[in-house]
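Notes for the one structure printed next.
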Amino acid sequence: MFYLFSKIFKLSSICLIFLFVNLSFSQQNTIDNLNYKIDSLINSSIKEKTFPGAQVYVKIEDQLLINKSFGYHTYDSLIKVNNNHAYDLASLTKVLASTIAIMKIYEDFEIDLNSPISNYFPELRKSNKKNTSFIEALSHTGGWIPYINHHYLLKRKNGKLKRTIVRDKQNKRFNLKVSENLFIRESYHKKIYRKIKNSEIKNVGEYLYSGLFFFYVPKLIEKITSKSYEDYLNDNFYSKIDNNSLSFSPKNKSMVVPTELDNFFRNALIHGTVHDEASSLFEGKSGNAGLFGSAESIGQLIEIFETWNFKSSTRILKKTTIDKFTSYAIAQSKIRRGLGFDKP
């Protein structure tokens, strides 16, 4: 069973539930009983205001059993959730965007996963990350620290914006949109990558979850394929899905469920833009967060790992590639990670 439960607190606690059940009917209660239990759980949670709405997707082998929505976008009960509405998928971006993009370039461009990522990023060759391999980065065994709060550097201690970095109105110099009232200079990205490069590493070979490598994935895809990260994913994966809702920075906000009221950084309702602060500094087009989508679209994307392409007779990814990335990355180890994938 694959189970995702993503809940964001504050103004609009929102729930996206996605179930992918790969069990035989003999191992299940009746479909009616399964429906009843899920309906009871979701409806009672909505009633108790644990979250205002949800999506549920359940599939057993080749049979779709449940694909339904519950409740509303927010607690004011104005907009009902439907199956096409998208949620901020947060760190699932690392798997449903970054990892699958790397799987594709591994196939098409034969990159060596044992080679250091500094082969593609010369700026890392004189850093403590010069020897970090793709396998170490994807299995979180490279010793990189978990996260850097880049957005803290945009404000002074008194809470006011640093006008050398960020402004409340867009112009030619401050052209990257963080939110409706925050715009940064594109050159600030250099500072972000410099802080990642200079961050410490420790206990290489041991498991320590880190999101920092994934900031390099969009640049990696562009270097190798000459396509943008977003276009490469859409051309090779998302465009293959019927009624696809997977995208970065979705344009139609009416089809997107709000995430939360941010009272610290952006001082606004986060709706249709990425919640993750670091990703927002890249206009939501990042490798660590920024992807939006519905449970149905996630379900169809995951089918790539078990079935043929929806619109052709060829696989999108080879079985050998899928096995490589979803197997334990480090043999005879207590570390449960695959390459980009978590495992039981």
Would you mind giving the three semi-axes, in whole Å and largest first, of the ellipsoid equivalent to the range 86-219 according to its Cα gyration tensor?
-> 30, 18, 15
Extension gain (nm, one decimal) between Lys202 and Arg315, 0.36 nm per residue minus Cα-Cα | 36.7 nm
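Using Cα pairs under 8 angstrom and six or more residues apart, how large is the relative contact order of the range 219-309, in percent? Write out the running numbers ahead of the final one.
Working: 101 pairs, mean separation 24.5, N = 91.
Once normalised by length, the contact order is 27 percent.
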The chain, helix-only ellipticity at 222 nm - DSSP H runs n ≥ 4, -39,500 (n - 2.57), divided by all residues, nearest 500 | -6500 deg cm²/dmol
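Determine the relative contact order of the chain: mean sequence separation of Cα pairs under 8 Å and six or more apart, normalised by residue count, in whole percent. Write out the running numbers ahead of the final one.
Details: 638 pairs, mean separation 70.6, N = 344.
Computed value for the chain: 21 percent relative contact order.
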Among 315-323, 333-341, what's the highest-first ranking by average C-beta atoms within 10 angstrom per residue?
-> 333-341, 315-323
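State, as an integer percentage, the relative contact order of the range 55-142 based on alpha-carbon contacts under 8 Å between residues 6 or more apart.
14
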Please build a GNM for the chain, connecting alpha carbons under 10 Å apart, and tell me which residue among Ser118, Ser294, Ser245 fluctuates the most.
-> Ser118
Difference of contour (0.36 nm per residue) and Cα-Cα distance, Tyr36 to Asn114 | 23.3 nm
Who wins for biggest fluctuation among Ala86, Ala54, Ala331 in a Gaussian network model of the chain, springs between alpha carbons below 10 Å?
-> Ala331
For the range 155-271, how big is the tail of P(r) above 18 Å, as a whole percent of Cα pairs?
-> 70
Among Tyr147, Ala86, Phe51, the residue whose Cα sits farthest towards the positive end of the charge dipole of the chain, when +1 is placed on the Cβ of each Lys and Arg and -1 on the Cβ of each Asp and Glu, is Tyr147
Let a ≥ b ≥ c be the square roots of the eigenvalues of the Cα gyration tensor of the range 230-339; is it rounded (a/c under 1.5), or, if not, prolate (a/b larger than b/c) or oblate?
-> oblate
Scaled by the rule-of-thumb 2.2 N^0.38 Å, the alpha carbon Rg for the chain gives a ratio of 1.02
Simple label model, 7 Å out from Cα along Cβ direction - Ile79 to Tyr193, nm = 3.5
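Since every read-out is calculated from the coordinates, none of them should be taken as a lab result. The model shown is predicted, which means the values in this text are computed figures rather than measured ones. In this analysis, Cβ positions are derived from the backbone assuming ideal geometry, glycine residues included, and neighbour counts consider all displayed protein chains.
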